[in-house]
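The values are calculated or read from the model by the stated rules, or taken from the named source; none is laboratory data. Everything numeric in this text was worked out from a predicted model, so none of it was measured. So basically every Cβ, Gly included, is an ideal-geometry build from the backbone, and we count neighbours across all protein chains shown.
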Amino acid sequence: MIAKGVALSLLVSGFALTLVGCHDRASASESGAAVAPSAIKAAEAPAVASAPALAARAEWIEPEFSLRLSCADKVVAGQPAHAKVMLSAKAPFHVNEEYPHKFRGAAGGGVTFASPVVTREGKPEPAGLELDVVFTSATKGAIVLQGEAAFSLCTAGRCLMERRQLSLPLVVAP
């Protein structure tokens with residue numbers, strides 16, 4: 001009768017470990033507890049981050065910053081045009097001067113970039129920075145200028161490293 005009670009107790013303990021999972025295999029083996037293989041596999045499985053993908057847009061306005069892709073030039077097919085990526089830090093944040101801020105253009109749809117990656121030149125101002133993006137559209141009519149901005153902002157106590165997708169619809173003249 002005692003043997004059946006001990007066996008039942010171990011079965012229930014093993015079942016509880018399987019349900020709860022054991023995140024530290026060493027502590028389980030040191031205590032002499034039996035760990036079900038399914039609990040070990042669950043603990044070793046990488047956590048899957050299900051952060052939603054951020055849709056591309058021409059302007060991001062967030063508590064720490066604003067980021068904008070704009071084009072004041074008249075865009076003519078076959079001729080270089082200039083777009084601007086503008087980052088503005090909001091207090092208490094400032095632009096991280098040590099970070100390699102950049103814009104990586106997404107070529108396609110007839111759009112090519114003079115440089116696939118545009119980086120800042122020199123030391124940025126604490127309040128913001130501007131990147132000049134030179135591009136050419138081989139086609140006339142509606143196009144979309146796209147890419148990813150990578151940037152960093154800091155306060156006295158922390159730094160943020162961010163990436164945002166930018167997308168700007170434009171009309172190209174013949």
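Of note:
- Hits in segment 85-98 (condition: out of contact with any Lys or Arg (no Cβ under 7 Å at 6 or more places or on another chain) and modelled with pLDDT of 95 or more): Val85, Leu87, Ser88, Ala89, Lys90, Ala91, Pro92, Phe93, His94, Val95, Asn96
- Flag for Arg57 being of a type outside the set (Asp, Glu), within 30 Å of Glu148 (Cβ to Cβ) and at pLDDT below 95: yes
- Identification of strands (runs of 3 or more DSSP E) wholly contained in segment 54-101 with 2 or more residues that are under 15 Å from Leu170 (Cβ atoms) and among the aliphatic types (A, V, I, L, M) yields 80-89.
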